[in-house]
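Chemist: Structure incoming, see below.
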Amino acid sequence: MFTELRVQERPNHSRIPDLCVTLGDPPEQGVTHAPLIALEVLSPRDSLTGLSNCLDAYLAMGVRYIRVLEPSHREAYICSRDGFLPVDFPKTQVSCAVLQLSKLFAELDSPFGSFPGTFEYSRK
């Protein structure tokens, strides 16, 4: 599980998911293949066009699991070629990873959240 890892979309152009999971340890400069999981956390400055372009790129790269978190509304979505599907709470399973959404959003409400235990990952 990595934050701010460069994922090469095409030569001379990379995307940087807010959080991604790869199979194996990536090199420091990033990966040239699709991660298993890409998670984007929306901020107020994100545009629908920018998000759409980003998600389309992940789909074209072959990212298997794409999730979008909307913290201000405490919502999460599964992204696929068919569109967005709201995620059921309290947690979402993504292959070998479980994102504990209720804990994550509770931490956002605390003044100095450290996000402990919000993401469980096991290699099988």
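Chemist: Report, by chain and number, residues whose modeled amide H sits under 5 Å from the one on SER14, excluding near sequence neighbours (fewer than 5 apart, same chain).
Modeler: Placed amide hydrogens put GLU9 under 5 Å from SER14.
Chemist: Below 15 angstrom from the Cβ of LEU48, what's the summed charge of the other residues (Lys, Arg +1; Asp, Glu -1)? Mind showing how you got there, number by number?
Modeler: Working: positive: ARG45; negative: GLU40, ASP46, ASP56, GLU70, GLU75.
Charge balance in the 15 Å sphere: -4.
Chemist: Summing +1 for each Lys or Arg and -1 for each Asp or Glu, what net charge is found among the other residues whose Cβ lies under 13 Å from the Cβ of ARG15? Mind dumping the intermediate values first?
Modeler: Details: positive: ARG6, ARG10; negative: GLU4, GLU9, ASP18, GLU40, ASP56.
So the environment of ARG15 carries a net charge of -3.
Chemist: Apply 1/(1 + (r/R0)^6) to the Cβ-Cβ distance of SER47 and LEU85, taking R0 = 25 Å, and write down the FRET efficiency to the nearest 0.05.
Modeler: Computed FRET efficiency for SER47 and LEU85: 0.70.
Chemist: Going toward the positive end of the dipole of the stretch 7-87, with +1 on Lys and Arg Cβ and -1 on Asp and Glu Cβ, which of GLY30, SER72, VAL87 do you reach last?
Modeler: Value: VAL87.
Chemist: Okay, moving on. Where the Cα atoms of the stretch 7-87 are projected onto their three principal axes, how long is each span, largest first, in whole Å?
Modeler: 35, 23, 23
Chemist: Report the full-extension gain for the segment ASN12 to HIS73: residue separation times 0.36 nm, less the Cα-Cα distance, to one decimal in nm. Don't skip to the answer; put the middle values down first.
Modeler: Working: separation 61, 0.36 × 61 = 21.96 nm, distance 3.51 nm.
Roughly 18.4 nm would be gained on extension.
FYI, it's all coordinate maths here, none of it is from the lab. Note that the coordinates shown come from a computational prediction; the quantities given were computed from them, not determined experimentally. Reconstructed Cβ throughout: ideal geometry from the backbone, glycine too, with neighbour counts over all protein chains shown.
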